[in-house]
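The values are calculated or read from the model by the stated rules, or taken from the named source; none is laboratory data. Given the structure is predicted, the values throughout are model-derived calculations rather than measurements. Methodologically, a virtual Cβ is constructed for each residue, glycine included, from the backbone with ideal geometry; neighbour enumeration extends over all protein chains shown. Ligands, DNA and RNA are stripped out before the accessible areas are found, and what is left, the full protein with its side chains, is counted by its heavy atoms. Shrake-Rupley method; radii C 1.70, N 1.55, O 1.52, S 1.80 Å.
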Amino acid sequence: VQNAEGYELDVTPDGIEIVAASPRGIFYAVCTLNQIIAQSKNHQLPCVQIADQPDFPNRGVMLDISRDKVPTMATLFDLIDLLASWKTNQLQLYTEHTFAYRNHRDVWKDASPLTEQEVLELDKFCRERFIELVPNQNSFGHLSRWFALDRYHDLAEAPDGCIAWGQRRPPMSLNPGDPRSLALVRELFDELLPNFTSAQFNVGCDETLDLGQGRSKEECERRGTGRVYLDFLLKIHREVKKRGKKMMFWGDIVLNHPELIKKLPRDA
């Protein structure tokens, strides 16, 4: 067995043998054995010979905990155990306002947020099951819950709202031309990221549909909305790299500007 996640499992009349190149491979073999046991009648295991390894190195699940219910820790532990049994090896908890940032209590006070201590516990629980808990904080768009408060309203690209998906919507995105926007992003990163051992970080940056409808309108008309978007994305990328992480982000906006794709960081 050469693949670090692969294994060989033999069930014979004489016993059960597992061969793997790493503890992770042994763990996955035991997961398969548990599935066989669960499907076997009267605890009579069939004689089988299995050689298994994953086709994809990253097998992840992203759970939205900002626009849907924030699960309890007990629910998250159960979910992680279930995902591990399916050989999932990455979990992201999509966050807009549901992490308990120390200086931003008014954003999350009614949202049952995850605390630093809870994230540390989840990270450890995941690692013990060979799952990478990847931090996920939307860092450009999808910040309407923040802008609903007077304290943050002035940071919005379109404070009076915008047109998105054919209807009037509240402000969605940070104003990329305001230095305070990047200052807020830096502060959130500094508090969130130390709680995760993952080397990756999903910064979102999707559906910034109000960009160019507000304070950056003239700049977007002069330089192009895609370029204004990319410039702020590159600033976020620099902040992620400074903190020793590899940036992940959604491609929906930049795919509408294919001429800019070659300007993206090669490590993102």
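Points worth noting:
- Cα-based helix-to-principal-axis angle, 116-127 vs the chain, degrees rounded to 10: 40 degrees
- Here the stretch 52-73 is scanned for amide nitrogen atoms under 16 Å from the site 7 Å beyond the Cα of V19 along Cα-to-Cβ, giving 52-53.
- Phi angles across the stretch 188-193 convert, under the Karplus curve 6.51 cos²θ - 1.76 cosθ + 1.60 with θ = phi - 60°, into 3J(HN,Hα) values of 5, 4, 4, 8, 6, 5 Hz, Gly and Pro given as x.
- Taking 0.36 nm per residue of separation and subtracting the current Cα-Cα distance, fully stretching the chain between A268 and D190 would add 26.1 nm.
- Prolate/oblate/rounded label for the stretch 116-166 (Cα gyration tensor, a/c 1.5): prolate
- Beta-bridge orientation, the stretch 1-105: approximately 70 percent antiparallel, per DSSP, counting only bridges with both partners inside.
- Fluctuation leader among D178, D52, D14 - the chain, Gaussian network, Cα springs under 10 angstrom: D14
- Kirkwood radius and radius of gyration were both taken over the C-alpha atoms of the chain, and their ratio Rg/Rh is 1.08.
- On Cα atoms only, tilt of 73-85 relative to the major axis of the chain in degrees: 60 degrees
- Considering only the chain, percent of DSSP beta bridges that pair antiparallel, nearest 5: 50 percent
- Unit charges on C-beta of K, R, D, E only; dipole of the chain, Debye: 760 debye
- Tensor-based shape of the stretch 138-268 (alpha-carbon gyration tensor, a/c under 1.5 rounded, otherwise prolate or oblate): oblate
- In the stretch 114-256, the DSSP beta bridges split such that about 50 percent are antiparallel, to the nearest 5.
- The magnitude of the dipole of the stretch 148-268, with charges of +1 and -1 set on the Cβ of Lys/Arg and Asp/Glu and taken from the Cα centre, is near 540 debye.
- Comparing T32, T72, T12 in a Gaussian network model of the chain where C-alpha atoms under 10 Å apart are linked, the largest mean-square fluctuation is found at T12.
- Cα shape, the stretch 40-93, gyration tensor, a/c 1.5 rule: oblate
- Estimated from helical segments only, the mean residue ellipticity of the chain at 222 nm is -10500 deg cm²/dmol, where each DSSP H run of four or more residues counts as -39500 (n - 2.57).
- Length added when fully stretched, K235-A4, from 0.36 nm per residue minus Cα-Cα: 79.6 nm
- Each label point was placed 7 Å from the Cα along the Cα-to-Cβ direction; for E116 and D160 their separation is 4.1 nm.
- Split the accessible area of the chain by element, probe 1.4 Å, and carbon with sulfur accounts for 51%.
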